[in-house]
């Protein structure tokens with residue numbers, strides 16, 4: 001009997017490693033989505049466990065945001081000095097420590113420190129995972145980034161369901177959060193041990209990151225940063241105030257208002273799936289402009305017809321579908337503009353988005369409180385139309401032609 005043995009070549013080993021790396025990437029995106037969204041639904045449980053007022057627990061959001069901002073600022077330097085693999089490993093480890101720490105934090109004081117660590121992991125991975133995606137799929141980064149960000153959205157949708165499912169089960173939330181931290185530890189091993197593609201392989205030439213002033217003086221990088229700032233502020237603001245639009249405008253009850261919010265986030269998730277399918281046939285810049293314009297149209301429907309439950313629902317769906325491709329596609333544009341600036345430009349862009357999420361929804365809330373639903377929804381329209389104007393007037397990045 002003759003036994004045929006197929007020896008594994010280096011190409012075979014890379015194929016196996018790539019599959020494992022893809023698995024780590026996809027799992028990490030889901031974990032990141034859950035980690036980024038679970039704190040709000042879990043806050044009542046956590047503050048009750050610590051015996052403190054719910055309002056006092058709000059400091060955890062501040063620390064999470066602060067950690068995320070610090071991580072995004074540091075990621076560019078970390079990538080420059082240590083490379084993407086180390087940035088992925090450190091960020092994933094911080095996420096794991098933050099999740100496990102939140103599961104067992106005995107006091108609010110300890111949880112404040114843990115929340116900062118969790119924010120560092122969230123912010124670092126927000127940049128590093130998207131960069132890894134672009135590196136794994138250099139021919140079609142726009143398609144890949146839209147698809148993997150669907151998983152982030154899925155994780156964000158899972159978070160409140162996970163908290164709700166463990167409600168009333170003794171130590172249920174703690175066990176679930178600990179398990180999520182263990183998953184993050186496993187992906188940390190994957191990112192640390194598996195070889196990365198292309199310019200991120202060991203021994204590849206290290207490119208010195210440009211100074212922040214140099215980046216922001218570049219007109220296109222500046223436009224992308226402002227785009228991130230405006231877009232994330234518009235997305236978070238509309239998603240956060242949609243419930244108030246429904247109750248104050250159409251005077252819907254709790255169930256009806258919740259349906260409007262769910263319609264926005266569900267259409268947002270489905271929109272990213274659709275964007276990943278059409279991204280092969282239109283340019284990335286066109287997708288950003290078209291998405292922002294569609295979302296602005298939906299916001300205008302809400303502003304003009306917020307008294308109608310049906311039109312309010314339609315407007316929320318249009319905003320969700322339109323917003324869906326803007327972030328991942330803008331990230332793709334940042335990586336395609338200049339390969340030697342990819343890490344730095346995308347880090348600055350994500351930082352802009354983080355600041356937009358912190359500042360613009362607050363301003364929108366003040367507009368809503370003083371001038372009503374029409375003005376509050378018009379604020380979203382203004383942000384999105386500004387993105388359209390910036391992209392139409394900005395210099396398009398190279399390599400943005402569609403790939404068939």
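Of the numbered conditions (1) in contact (Cβ under 8 Å) with a residue 60 or more places away in the chain; (2) over 27 Å from residue 76 (Cβ atoms), residue 366 fails exactly one; give the number of that condition.
Among (1) in contact (Cβ under 8 Å) with a residue 60 or more places away in the chain; (2) over 27 Å from residue 76 (Cβ atoms), the lone unmet condition for residue 366 is (1).
So the check is Cβ under 6 Å with 6+ separation or different chains; which pairs have a first residue in the range 148-173 that's within 21 Å of residue 29 (Cβ to Cβ) and a second one that's outside any helix (DSSP H, G or I)?
159/38
Answer with yes or no whether residue 81 is in the same structural domain as residue 120 (by TED's automatic domain parsing) and more than 23 Å from residue 168 (Cβ to Cβ).
Spelling it out, residue 81 is indeed in the same structural domain as residue 120 (by TED's automatic domain parsing) and more than 23 Å from residue 168 (Cβ to Cβ).
For every residue, the table says whether it meets (1) modelled with pLDDT of 65 or more; (2) within 20 Å of residue 83 (Cβ to Cβ).
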position: 188; (1), (2): yes, yes
position: 191; (1), (2): yes, yes
position: 194; (1), (2): yes, yes
position: 205; (1), (2): no, yes
position: 209; (1), (2): no, yes
position: 215; (1), (2): yes, yes
position: 219; (1), (2): yes, no
position: 225; (1), (2): yes, no
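Run residue 132 past the list (1) modelled with pLDDT of 85 or more; (2) more than 20 Å from the chain's Cα centre (by Cα); (3) surrounded by 15 or more Cβ atoms within 10 Å (Cβ to Cβ) and report the number of the one that doesn't hold.
Looking at each condition in turn, residue 132 falls short on (2).
Within the range 175-193, which residues are within 18 Å of residue 47 (Cα to Cα) and surrounded by 19 or more Cβ atoms within 10 Å (Cβ to Cβ)?
The answer is 176, 177.
Yes or no: the range 63-84 includes at least one residue that is within 22 Å of residue 108 (Cβ to Cβ) and modelled with pLDDT under 80.
no
Applying the selection to the range 102-116, what residues are part of a helix (DSSP H, G or I), more than 20 Å from residue 353 (Cα to Cα) and free of Cβ contacts under 8 Å to residues at least 60 places away in the same chain?
Those that are part of a helix (DSSP H, G or I), more than 20 Å from residue 353 (Cα to Cα) and free of Cβ contacts under 8 Å to residues at least 60 places away in the same chain: 109, 110, 112, 113, 114.
Scanning for something crowded, with 24+ Cβ neighbours inside 10 Å and either touching a helix residue (DSSP H, G or I) at 6+ places or on another chain (Cβ under 7 Å) or part of a helix (DSSP H, G or I) (or both), does the range 359-368 turn up at least one residue?
yes
Can you work out which of the residues in the range 78-101 that are over 21 Å from the mean Cα position of the chain (by Cα) and in a helix (DSSP H, G or I) is nearest to residue 184 (Cα to Cα)?
It comes out as 100.
The values are calculated or read from the model by the stated rules, or taken from the named source; none is laboratory data. Note that the structure is predicted; figures quoted are calculated from it, not measured. With ideal geometry, Cβ positions are generated from the backbone for all residues, glycine too; neighbour counts draw on all protein chains shown.
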